[in-house]
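Bear in mind these aren't lab numbers, they're just calculated from the coordinates by the rules spelled out. Nothing here was measured: the structure is a model prediction, and the numbers come from that model. Counting neighbours? That spans all protein chains shown, and the Cβs are built from the backbone with ideal geometry, glycine included.
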Amino acid sequence: MKTIYKIAKTELQTLFYSPVAWLVIVIFTFQTAMTFTNMFGGLVHNQALGYELVSVTSNVFSNPWGGVFPAIQGYLFLYIPLLTMGLMSREFGSGSIRLLYSSPVTNVQIILGKFLSMMIYGLVLVGIMLIFTLFGAFTIKDFDLPLVLTGLLGVYLLICAYAAVGLFMSSLTSYQVVAAMLTLAMLGALNYVKDMWQDIEFIRDITYWLSISGRAGEFVIGLICSEDLLYFVIVIVLFLTLAIIRLQACRQKSPWFLTLGRYVGVVLLACFLGYLSSRPKLMGYYDVTATKMNTLTPNSQDVISRLEGGLTITSYLNALDEQDIWTASPSRVKTDQVRFKQYVRFKPDIKLKYVYYYDTIQSLSQDQRFPNLNTEQRAREIMRIHGLDSSLFLSPGQIREQIDLSGEKNMFVRLLERENGEKTFLRVFDDMQHHPGESEITAAFKRIAMELPTVGFLVGHGERDIHRTGDREYSGFALEKRFRYALINQGFDILNVRLTDEVPDNIKILVIAEMKEPLTETEEINLERYIARGGNLFITCEPKRSEIMNVLLEKFGVRLVTGTLVQLSENFSPDLIVAQPSQEAAKLNYYFDGMKQNNRCLVMSGAAGLEYDRNNEYNVIPLFISDSLSWNEVETTNFVDERPVLSVSVGEMQKSYATVLALSREINNKEQKIMILGDADCISNGELSMHRRGISASNYTVIMGGFYWMSDNEVPIDVRRPTPPDNVIYLNEAKIGTWQVLMTWILPGILLMISIFIWIRRRGR
C-alpha cells in the first residue's frame with residue numbers, strides 16, 4: 001500500500017507540474033459556477049416576481065434542463081482524457097517504463113498507484129462542487145443535503161470510471177494524443193453501445209448494461225441503486241485489470257493470442273457479473289430524498305403488495321401505428337422497460353413481453369401516402385423504412401388467434417394479466433405526456449388486484465350517451481380510451497343500466513344524466529330499492545328538464561331553481577356561469593382543494609341553481625357556487641340576440657346559487673353519497689374539449705373529485721407526495737448579483753492566479 005501511495009504522489013506531482021491539471025480545475029470551476037448561478041439566479045428572479053418555488057434543491061442540482069450535476073457530466077467527457085492521456089503513455093514514450101520493470105514494483109502497484117492519483121484528483125473536483133453545495137445549504141430553506149451528497153457520489157464514481165478507461169487506453173500507446181483520442185473513442189462507444197444489437201433478446205441485456213450513458217442519473221436524482229453502484233465497481237475493476245494485463249504482456253513478452261484470451265476472459269466475466277447485477281430480484285434501492293420522490297407512493301405500494309402470484313405485462317405494437325412505432329420497437333425494449341422499473345422494484349417477478357404485428361388501422365395520413373397499397377403492403381413498406389425486421393411481426397390472422405384488439409382500434413396497448421386469469425388493458429393517451437403515469441398504471445393494477453366500483457349509466461329515457469362522440473354526449477369522460485381522465489382509465493368498470501330490472505349488486509355508482517322522459521312505475525320501484533340499499537348517485541340536470549328531474553331530486557330534498565342562471569359578462573354569453581369551489585368542497589377531498597388553491601373554476605353553460613332542505617336526512621354540502629351577481633333568468637331564453645335584465649317581479653333573484661351539491665347519509669352501516677349538478681353540459685364531450693381565454697376552467701377535475709369521493713377514495717388512485725419543504729431562497733436579486741460575480745469570476749480567477757504562481761515557482765526550480 002505504501003508503494004501505491006508513493007506512485008500516486010509522484011503521479012500527482014507530475015500532473016500538477018504541467019498546466020493541464022490546473023487549467024482543467026479553473027475551467028471546471030468556471031463552468032460549474034456559471035451553471036449554478038444561472039439556475040440559482042433564475043429561481044431567485046422567479047421568487048422576486050411572486051412565483052412559488054418548488055423543490056429548489058432538486059431544480060438547482062438535479063434538473064436535467066440546466067441543473068449542476070447533469071451539466072457536469074457533459075464536461076467530464078472532455079476533461080478526463082486530457083488528464084489520463086499521459087498516465088502510462090508518458091512512461092512508454094520516455095522509456096521510464098523500463099526502470100519500473102527493473103524495480104521490485106509490481107504491475108498491480110503501478111496501475112493502482114496511477115489510478116489512486118486520479119481518484120485524489122477527482123476528490124479535488126468534488127471539493128469544488130462542495131463549495132456550491134455549502135452555499136446552497138445556507139441559502140435554501142430545508143436544503144435536501146442527502147440528495148446533493150448522493151449526486152456528488154454519482155459524479156465521483158463517473159470520474160473514477162472515466163479515469164479507469166483513460167488509464168487503460170494510455171497503456172496501449174506511447175503517444176499521449178493518441179491515448180486521449182482512444183479514450184474519447186472508448187467513452188463514446190460506452191455511451192452508445194446501448195443502442196447496438198437491441199433487437200437480439202439476450203444481447204440487448206448485455207449491451208444495455210455496458211452503456212455508461214445515464215449511469216449516474218439515478219444518483220443525481222437521489223436514488224442509490226445496486227445495479228448502478230455495481231456497474232461502476234465492475235467497470236473500474238475491468239479496465240484496471242485490462243491495464244494490468246497489458247503491462248504484464250509487455251513485461252513478459254507474452255504471445256498476442258494469450259493476451260487476447262485474457263482480455264476476452266476478463267470482459268466476459270465482467271459482462272456476466274453485470275448481467276447478474278441487473279436481474280430485478282438481485283437489485284436493491286435506497287431513496288435518499290426527503291419526500292421519497294423516486295419511490296412509488298404508499299397507495300401504489302399497497303396495490304402491488306396485493307398482486308400475489310405471477311404477473312405479465314404484454315405490449316402489443318402494430319407496425320401501422322406510427323405514433324408509437326418507437327415506443328416499444330425491438331430496438332427500444334430496454335428503454336421502454338424503464339417505465340415499469342419502480343413497479344418491478346416492489347414485484348421483481350413481473351414479466352415484460354412484447355408482441356409485434358400488423359393489422360388494419362384508421363389513418364388518413366397512410367391513406368394519402370399509400371393509396372394503392374393494402375394493409376400488408378403498407379406494413380412492409382413502413383417496416384422497411386424504419387429498418388424493422390418483418391419476420392418479427394405477426395400477420396392479422398396470427399394476432400387475431402392470440403387476442404382481439406379491434407376494441408382498441410389496433411393501436412398500441414398493453415395487457416396486464418395475472419396468473420389467476422384476471423386481466424385489463426393499460427393504454428397510452430392523446431396528450432402531451434402520452435404515456436400513463438403512476439395513477440393510471442396503479443389503477444390498472446388495482447383493477448386486477450381487487451374489486452373496484454362499477455359505474456352504471458342509466459339508459460332508456462333520452463340520457464346522455466356514453467358511446468357516442470357528439471358534443472353533448474358523455475363518451476369522453478366515461479369510455480374514451482385515449483383520454484387519460486376517462487373513468488375506464490382510472491380504474492372504473494362501466495355498464496349501461498336499465499331500471500326495468502333491479503340495479504345489479506356490482507353497481508356502486510349510478511349516473512343519471514338529464515332524463516328527457518319520466519320513470520315508469522316499475523323503474524321508480526327499482527330506483528327506490530337501489531337508493532334504499534345505499535347505492536351512490538351522480539345526477540346531472542338541465543333547466544329545461546326541471547319538471548322531470550325535480551321528481552327525482554325531491555327524493556333527496558333538492559329542487560332545481562326556476563329559470564336559467566345568468567351572469568353578465570363582457571366577453572361571454574350571459575348563461576355561461578363560472579362557479580367557484582366552496583370552502584366545504586375544499587375540505588371534502590384534495591381534488592376540490594386543489595381547484596380552490598389554484599383558482600380553478602367550473603364552467604357551466606345553461607345551468608340551473610339548486611335549492612335544498614336543510615332539515616332532511618341528508619347532509620348537504622354546496623360544492624360549487626355562482627357569483628353573487630348571478631340570478632335565475634325566467635323571461636329571456638334567447639341569450640344570443642337578447643340581453644337578460646333582472647326582474648324581481650317575476651321571481652328572479654340575484655344572489656349566489658349552489659350549482660353542484662354533495663349529499664351524504666349513513667344507511668345500512670355505510671355512507672351513501674350523492675352528487676347533483678345543475679348543468680349536464682359541463683362534463684360533456686364538447687365542454688371538456690373547450691378552452692375559453694381568460695377562464696381557468698378545470699371541469700374534468702370535478703369528475704375526478706366527484707367519483708373519487710363516491711368510490712370512497714378507492715379510485716382514481718391518490719399518488720400525492722408530501723410537499724417538498726425546500727421552497728424558499730434566503731437571497732434577494734441584489735445579493736445574488738454579487739454572489740454571481742464572486743463565484744463565476746473571482747473564484748476561478750483566484751484559482752488561476754494560484755495555479756500560475758505555483759507552476760512558475762516549480763518551473764523555476
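In the chain, which helices (entire DSSP H runs) extend 30 Å or more along their own long axis, judged by Cα positions, while averaging at least 1.6 on the Kyte-Doolittle scale?
For the chain, where a helix must reach 30 Å along its axis and average at least 1.6, the hits are 107-139, 145-170.
Suppose R0 equals 60 Å; then what is the FRET efficiency for Leu23 and Ile403 from their Cβ-Cβ distance, rounded to the nearest 0.05?
Numbers: r = 62 Å, r/R0 = 1.03.
According to the calculation, E is roughly 0.45.
Can you tell me the relative contact order of the range 451-710? Whole percent, Cα pairs under 8 Å, sequence separation 6 or more.
21 percent
Measuring from the lowest to the highest alpha carbon on each principal axis, how far does the chain reach, largest first, in angstroms?
Between the extreme Cα coordinates on each principal axis of the chain lie 110, 68, 56 Å.
Name the residues whose placed amide hydrogens come within less than 5 Å of the amide hydrogen of Leu320, ignoring near sequence neighbours (fewer than 5 apart) on the same chain.
When sequence neighbours closer than 5 places are left aside, the close amide H contacts are Asp359.
Got a sec to turn the phi values of the range 340-356 into Karplus ³J(HN,Hα) couplings, 6.51 cos²θ - 1.76 cosθ + 1.60 with θ = phi - 60°, whole Hz, x for Gly and Pro?
Ordered by residue, 3J(HN,Hα) equals 10, 4, 5, 6, 5, 4, 9, 9, x, 8, 5, 9, 10, 10, 9, 10, 10 Hz.
Considering only Cα-Cα distances, which of the following residue pairs are longer than 23 Å: Lys292/Lys423; Lys446/Lys596; Lys596/Lys670; Lys281/Lys351; Lys587/Lys673?
Working: Lys292/Lys423 30 Å; Lys446/Lys596 29 Å; Lys596/Lys670 29 Å; Lys281/Lys351 12 Å; Lys587/Lys673 16 Å.
Listed pairs above 23 Å: Lys292/Lys423; Lys446/Lys596; Lys596/Lys670.
Run down the aspartates and glutamates and flag those whose C-alpha is under 13 Å from the C-alpha of Lys334, throwing out any fewer than 8 positions away in its chain.
Result set, ordered by chain and number: Asp195, Asp199, Glu201, Asp205.
Normalising by the residue count of the range 585-679, find the relative contact order in percent from Cα pairs under 8 Å and 6+ residues apart.
Numbers: 138 pairs, mean separation 28.8, N = 95.
That works out to 30 percent.
Would the range 407-451 count as rounded, prolate or oblate if I go by the C-alpha gyration tensor, calling it rounded below 1.5 in a/c and otherwise prolate when a/b exceeds b/c, oblate otherwise?
oblate
Can you tell me the Rg and Dmax of the range 298-427, counting just the alpha carbons, in angstroms?
Values for the range 298-427 (Cα only, Rg and Dmax): 16.4, 54 Å.
Relative contact order (percent) for the chain, with alpha-carbon contacts under 8 angstrom and 6 or more residues of separation?
Normalised by residue count, the contact order of the chain is 13 percent.
Roughly what % of DSSP beta bridges within the chain run antiparallel, to the nearest 5?
60 percent
Considering only DSSP beta bridges whose two residues both sit in the range 298-427, what percent are antiparallel, to the nearest 5?
Antiparallel bridges make up about 50 percent of those DSSP assigns within the range 298-427.
When the Cα centres of the range 532-597 and the range 322-376 are compared, how far apart do they sit, in Å?
42 Å
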